[in-house]
2 protein chains.
Amino acid sequence: MTSTQELTKNQSLVFNALARADGPLSAYTILDQLRGDGFRAPLQVYRALDKLLDYGMIHRLESINAFVACSHPHSHNHSHGMIAFAICEKCGQVSEFSDDVITGRVREWTNSNGFKQSKTTIEIRGLCATCGAA
Amino acid sequence: MTSTQELTKNQSLVFNALARADGPLSAYTILDQLRGDGFRAPLQVYRALDKLLDYGMIHRLESINAFVACSHPHSHNHSHGMIAFAICEKCGQVSEFSDDVITGRVREWTNSNGFKQSKTTIEIRGLCATCGAA
DNA sequence: TTTCGATATGTGATGTTATTACATTAGTCA
DNA sequence: TGACTAATGTAATAACATCACATATCGAAA
């Protein structure tokens, strides 16, 4: 579980599909892209995605049921903070950022309410600078 | 579109189902609960849910594909801010809160990146005080 | 009142996303 | 080897959501 994770064949195929995409992909889109590599069933994709999520190499975008390669693969700068995603509803581009103030405020709320958080998602839907200018 | 919204029959049925539940419900759970009231198809539920979301009377929890009645029905105190949800993965209870600092930080990011946000979701998964103590 | 348009509803079929269950294969290590 | 764990293959099914088309309801304009 170091920063350079040893991936199995299926995990590599799925990760590469996400890494070369310029935006999020659904599990079934990935499946279709990998049929030429021998993929035949959704579970082959979902199992690889689960592992890649574990390893922190990809993210799941809950609000659009899709997955993206992590855009900060070589640094664990914000590994302790929550990651926020800005998702353009027109072009599909996703920007990833983390903010210590937001992370701190959420933690304050959970601490003072006795809530043990395991995972937090922040997803901003809207139009990116390019699409919003049109 | 005032604070007391005039609801149609189906909208009332769906809203009441959510209001009397002590936690989030999936669309299909609502459908099953309303079969006795003549509901037969998912679309009857989804159409009502869409309207109730428009009216701000309910929220959609993206991370668990479920819906909850808004817990601040009579005040628009935080109507301009983002709402965060803390969802207990054991008992299903959902707590709703808003935080001006978080709202402000998100707006700072979107402003400085030219992103026009339309909807933002913040969902904290974990264990509530009761379940976490066990 | 009649006609029109907008909104709401009913229903079946279909599309999309995710998991269950079970069998098999491959690698690790005592 | 034997036993254990992780990964894989496959079919079936479950869970979530929308499309397409027909019908109904209601208010405003002619």
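Dividing the convex hull volume of the alpha-carbon atoms in segment A:78-134 by its residue count gives 90 Å³ per residue.
Please state the charge dipole magnitude for chain A, taken about the Cα centre, from unit charges on C-beta atoms (+1 on K and R, -1 on D and E), reported in debye and rounded to the nearest 20.
Working: 13 positive and 13 negative charges, 60 e Å.
That gives a dipole near 280 debye.
Computed from point charges on the beta carbon alone (+1 for Lys and Arg, -1 for Asp and Glu), the dipole magnitude for segment B:7-70 about its Cα centre is near 200 Debye. Here the simple spin-label model places points 7 Å from the Cα toward Cβ, and for B:Thr8 and A:Tyr28 these points are separated by 2.8 nm. Amide hydrogen proximity for B:Cys91: with H placed 1.01 Å from N in the peptide plane, the residues at 5 or more positions away or on another chain lying under 5 Å are B:Cys128. Counting only DSSP beta bridges with both residues in the protein assembly as shown, the antiparallel share comes to about 75 percent.
Compactness of the protein assembly as shown is given as radius of gyration and Dmax, 20.0, 58 Å, from Cα positions.
When you look at the Cβ of every residue in B:91-98, what mean number of other chain Cβ atoms sits within 10 Å? Walk me through the intermediate numbers first.
Details: counts 0, 0, 0, 0, 4, 0, 3, 0.
For peptide B:91-98, the averaged partner shielding equals 1.
Take B:Arg20, push a point 7 Å out from Cα through the beta-carbon direction, and compare it with the same point in every other copy: 5.6 nm, smallest first.
Take B:Leu43, push a point 7 Å out from Cα through the beta-carbon direction, and compare it with the same point in every other copy: 3.4 nm, smallest first.
In terms of the ratio Rg/(2.2 N^0.38 Å) built on C-alpha atoms, what value belongs to segment B:7-70? Show your work: numbers first, answer last.
On the way: Rg = 10.3 Å, N = 64, 2.2 N^0.38 = 10.7 Å.
So the Cα radius of gyration is 0.96 times the expected 2.2 N^0.38 Å.
Taking the Cα atoms only, what angle lies between the long axis of helix A:9-20 and the longest principal axis of chain A, rounded to 10 degrees? It works out to around 60 degrees. Computed from label points 7 Å out along Cα-Cβ, the spacing between A:Ala129 and A:His72 is 1.9 nm. When A:Ser98 is represented by a point 7 angstrom out along its Cα-to-C-beta vector, the spacings to that point in the other copies are 2.8 nm, nearest first. Among beta bridges from DSSP that stay inside chain B, the antiparallel ones total about 65%. Projected label points at A:Ser98 and B:Asp54, each 7 Å from Cα along the beta carbon direction, are separated by 4.0 nanometres. The convex hull around the C-alpha trace of chain B, projected and averaged over every direction, spans 9.6 square nanometres. Helix A:100-112 and the longest principal axis of the Cα set of chain A meet at an angle near 70°.
Just to be sure I understand: of the beta bridges DSSP finds with both ends in segment B:72-134, what percent are antiparallel, rounded to 5? It would help to have the intermediate numbers written out before the result.
Values: 5 of 10 bridges.
If I count the DSSP bridges inside segment B:72-134, around 50 percent turn out antiparallel.
Normalising the average separation of contacting C-alpha pairs (under 8 angstrom, six or more residues apart) by the number of residues puts the relative contact order of chain A at 22 percent. Please give every one of the lysines within straight-line cross-link reach of B:Lys9, meaning a C-alpha to C-alpha distance under 17 Å, and leave out same-chain neighbours fewer than 8 residues apart. Partners found: B:Lys51.
Rule-based calculations on the coordinates, nothing more; no lab input. If you're wondering where the values come from, they're calculated on a predicted model, not measured in any experiment. Positions of Cβ are generated from backbone atoms using ideal geometry, with glycine treated the same way; all protein chains shown enter the neighbour counts.
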